[in-house]
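Asks: Okay, here's the structure, questions in a sec.
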Amino acid sequence: MNKTKRKIFEASMKLFADKGYDATSIEEITAAVGVAKGTLYYHFSSKEEIFKFLVDEGVKLLKNSISIKTDKMTNSLDKLRAIVLIQIKILFKYESFMTIILSKIWGNDERSKLCKKYVFEYIKIIENIVKKGIEKGEIVNKDADIIASGIFGFTCSSFIYKMKHEEVDVSELFNEIDNLFIKKLKA
């Protein structure tokens with residue numbers, strides 16, 4: 001991604017998270033980036049295309065991070081720990097991105113459907129690891145999709161709660177989730 005496209009990406013992500021998609025104008029994005037409308041339209045044909053690009057790129061980052069970290073691991077619980085740590089780090093580093101995704105999963109418009117699709121794909125990655133862990137006898141034989149959605153939801157809600165009430169310490173939050181949730185999955 002070139003420098004200008006990255007600036008548009010970052011500025012629109014912050015504006016969409018702070019103000020919402022509908023309340024953010026193209027003029028605000030161009031002002032935040034410091035470019036003319038023509039420059040923005042050279043990279044993106046519409047605000048909708050910016051949103052889709054933002055979500056696509058953010059999800060790619062998350063999936064690639066998980067793949068790189070877990071592909072060589074053999075133990076399912078270790079893979080789940082890696083996923084939780086990555087999710088916390090992404091929440092911490094890209095809070096605006098996660099705000100957009102989590103705020104949009106409740107609607108039925110096209111942007112909401114896109115965000116739901118990606119959240120469910122992400123949970124499916126976790127579910128597949130849980131299923132393999134159950135098959136290998138590493139994880140308790142319970143409902144894999146409930147466990148997977150629980151990991152996603154517990155991690156997100158714990159991060160949001162900590163963020164609203166205190167400074168987030170990534171390692172501390174990871175250890176709490178590991179002790180309260182992941183360790184309890186051991187068969």
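Asks: State to the nearest 20 debye the size of the charge dipole of the chain about its Cα centre, where the only charges are +1 on K and R beta carbons and -1 on D and E beta carbons. Don't jump to the answer; show the numbers that get you there.
Replies: On the way: 32 positive and 26 negative charges, 99 e Å.
For this selection, approximately 480 debye.
Asks: Length gain on complete extension for the stretch GLU172 to ILE26, per 0.36 nm per residue less the alpha carbon to alpha carbon distance? Working shown, then result.
Replies: Values: separation 146, 0.36 × 146 = 52.56 nm, distance 3.95 nm.
So the extension gain works out to 48.6 nm.
Asks: Taking a cut-off of 12 Å between Cα atoms, list the aspartates and glutamates near LYS162, but don't count ones fewer than 8 places away on the same chain.
Replies: GLU172, GLU176
Asks: Given a Förster radius of 35 Å and the C-beta distance between GLU10 and ASP145 as r, what FRET efficiency does 1/(1 + (r/R0)^6) yield to the nearest 0.05?
Replies: It comes out at approximately 0.55.
Asks: Ok, one more. Between LYS132 and ASN2, take the C-beta separation as r, use R0 = 35 Å, and let me know the FRET efficiency to the nearest 0.05.
Replies: Rounded to the nearest 0.05, the efficiency is 0.35.
Asks: Next question, about the same structure. With an 8 Å cut-off on Cα pairs and a minimum separation of 6 or more residues, tell me the relative contact order of segment 88-160 in percent.
Replies: Numbers: 43 pairs, mean separation 20.3, N = 73.
Result for segment 88-160 is 28 percent.
Asks: For segment 1-45, which semi-axes, largest first and in whole Å, follow from the square roots of 5 times the eigenvalues of its Cα gyration tensor?
Replies: On the way: eigenvalues 54, 25, 14 Å².
They are 16, 11, 8 Å, listed largest first.
Asks: Now a separate question. Rounded to the nearest Å, what's the spacing between the alpha carbon centres of segment 1-21 and segment 128-181? Just the number, please.
Replies: So the separation of the two Cα centres works out to 29 Å.
Taken together, the values in this text are just the output of simple stated rules run on the coordinates, not laboratory data. Treat the numbers as computed from the prediction; the structure is a model and nothing was measured. So basically every Cβ, Gly included, is an ideal-geometry build from the backbone, and we count neighbours across all protein chains shown.
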